[in-house]
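The values are calculated or read from the model by the stated rules, or taken from the named source; none is laboratory data. Everything numeric here is computed off the predicted structure, so don't read it as measured data. Cβ placement follows ideal geometry from the backbone for every residue including glycine, while neighbour counts extend to all protein chains displayed. For accessibility, only protein heavy atoms count, side chains too; no ligands or nucleic acids. Shrake-Rupley method; radii C 1.70, N 1.55, O 1.52, S 1.80 Å.
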Amino acid sequence: MKNNDQSRVFDLTDYKRQDFSVCLGCKICASVCTVNDLSENTNPQDILQKLFLGKDIPADEPLVRYCTGCYRCTGACPWNIRIPEVIRALREELAIESPFEKAFKGSLSIWGRVYEPYVLLMAIPFLLKGGYMKHMTRWMEYMGIHLPHKVKRA
Amino acid sequence: MNYGYYPGCSLTGSANKLDKGIRQVFAKQGHTLKEIPDWNCCGAFEFGDRKELSEFSKKNLEKARGLFSEIVAPCPACYKNLREADEQNEFAVTHPLDLFDDAFIGSIKPVHDLKGQVFTPYYGCILLRPKETAIKRTTVMEEVITRFGGEVAGEKVKDRCCGGNQIFINKSVTEKLSKLVLEKSKGTIVVFCPLCHMAMKTFSGERKVIYFTDLLLYIMGENVPKLQSKIERGGKEETT
Ligand code: SF4
Ligand code: SF4
C-alpha cells in the first residue's frame, strides 16, 4: 500500500529530502529511543532512510504509533536531527488522530484554549473503551473546576 | 521585576497547583507576573504542521508586543513553542527554573528544612531537549533539595521520558514508561511539567508526586501536607 504523500511530510516539517543525506546510519538514535523501552524493536534512522529513498512507511510502524516526542534521539544524533517532528508530520499525513486529539482541536476552535472538561466530555466513548475511568478519582483530586474562557478574536 | 506571564491551558485546569505555586513564589520574591492579555493555546504537541503550530505562539507574542520584553512560561510545551516562535529573539522567553538562580536560592529564608526526606527531581524531556530550547539550570532542583537538607535520588531517570504525551493516545505506553521511572527512583517525585505530573500521578500508587513550586513554598514556610510529618499536620492521616 502506497500510503505516504512524502512531499507533504517534508512540507509539514522544516526539512527537505536532501537534509537527510547527512544521516550517518550510526543508529545512535535507535540506541537511545524511548520506544525501545517498550520492548519494541525500532530504529528512527530507518524512518529517515525510507523518507530519503522515497520508500513507504506503514501506519502501524511502532515508531509512528508510539513516538513520545521525547527528543532523546535528537539530543544524541551527531546532526541533531529532529526526528520526533518528522514522525509527528507522518502521523498528520497518515491521518492518525486519537479522539482525544480531535476533542483538543475542537476546544481550540471554540475557545481558543483547551477547556479540559469539554475535551474529557467529547472523548468519553474513547475514555470508557480505553479503561480511563478508573483514573478519574485521582484526576479529580487536582483537576479543579473552572468555567471556559473566551479568547477575543482580533 | 515585571514579567509577562503565559500560563497556558493546563495551568488554568489540571495544573492549577503549578499556576498558584508559581504566582506565590514570584510574589514572595517581589516579582510581578502579568498575564498576556487574551492569550490563546500554544497548540502543545497536537499539530504535525510546524508552521501551523508556530502560528499559535506567534499570535501570543503579537499580544505581548509592546507590553512585555520578558515572558515567563512554566509549562515546558508552552515554553518551547513560544521560544521557537520567537525567531528574531525579540522577547526573552524564559522558563522559571532558569530564573531560580544562585541569588534566588541564597535569598530563601528557610522555615522548614527537608532533613530525613528523599526526593527524585524529575525534569522529563522538554525542559532538557532539544538543546536549542533546553533550560540552562539543569540541576537547580538538586541544588535546592541538598541545600535545604534533603537527599537526592534517581539521578539516572531525571531525563527519561514518562510517556505523558501518549497518555490519551496509547495509555499503555505511558503506563509502562512512567512505571520504569517510578521503579528506578526513590522517595517523593518532584516534577515541573504538567504532563509529567499527570502521568506520574496516574500510575504512582502510594508514591508522592509534587510540583517543585510546592517544595519551594514548603521551604519558605507554607503548609504542604505531603511534605509535613503527621505531627506537623496535627496528627491527621494523609489524604492525597
Ligand atoms: S522522540 Fe520519538 S523517535 Fe526520538 S527517541 Fe523519543 S520516542 Fe524515539
Ligand atoms: S543518530 Fe542521527 S546520524 Fe545517526 S543514524 Fe540516527 S539520525 Fe542518522
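Structure notes:
Let's see how each residue does on (1) hydroxyl-bearing (S, T, Y); (2) over 18 Å from the mean Cα position of the chain (by Cα); (3) in the same structural domain as A:R88 (by TED's automatic domain parsing):
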site: A:C26; (1), (2), (3): no, yes, yes
site: A:P58; (1), (2), (3): no, no, yes
site: A:Y71; (1), (2), (3): yes, no, yes
site: A:T74; (1), (2), (3): yes, no, yes
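- Verdict on A:P44 being surrounded by 15 or more Cβ atoms within 10 Å (Cβ to Cβ), more than 10 Å from every other protein chain (Cβ to nearest Cβ) and within 8 Å of ligand 2 (Cβ to nearest atom): yes
- Looking across the range A:111-144, just one residue is exposed (fewer than 14 other Cβ atoms within 10 Å of the Cβ) and in contact (Cβ under 8 Å) with a residue 24 or more places away in the chain, and that is A:P125.
- Restricted to the range B:44-102, and to residues there that are in contact with a strand residue (DSSP E or B) (Cβ under 9 Å, 6 or more places away or on another chain) and assigned to a loop (DSSP other than H, G, I, E, B), the residue that is farthest from B:F192 (Cα to Cα) is B:L67.
- Residue in the range B:41-59 that is in contact (Cβ under 8 Å) with a residue 24 or more places away in the chain, over 20 Å from A:L108 (Cβ atoms) and at the interface with chain A (Cβ under 8 Å from one of its Cβ atoms) present: no
- Each residue in the range B:24-40 was checked for being away from chain A (no Cβ under 14 Å) and not in a loop (DSSP other than H, G, I, E, B), and 8 of them qualify.
- Residues in the range B:56-76 that are open to solvent by 10 Å² or more (accessible area, probe 1.4 Å) and under 19 Å from B:E46 (Cα atoms): B:F56, B:K58, B:K59, B:C75.
- Scanning the range B:141-152 turns up no residue that is within 17 Å of B:T213 (Cβ to Cβ), assigned by TED's automatic domain parsing to the domain that holds B:K51, part of a loop (DSSP other than H, G, I, E, B) and open to solvent by 10 Å² or more (accessible area, probe 1.4 Å).
- For A:E40, the criteria (1) farther than 27 Å from B:E84 by Cβ; (2) assigned to a loop (DSSP other than H, G, I, E, B); (3) more than 15 Å from ligand 1 (Cβ to nearest atom) hold in every case but one, which is (3).
- The single condition among (1) assigned to a helix (DSSP H, G or I); (2) open to solvent by 40 Å² or more (accessible area, probe 1.4 Å); (3) without any contact (Cβ under 8 Å) to a residue 12 or more places away in the chain that A:E92 does not meet is (3).
- Candidate set: the range B:167-187, residues that are closer than 12 Å to A:Y132 by Cα and more than 7 Å from every other protein chain (Cβ to nearest Cβ); chosen: the one farthest from the chain's Cα centre (by Cα): B:S172
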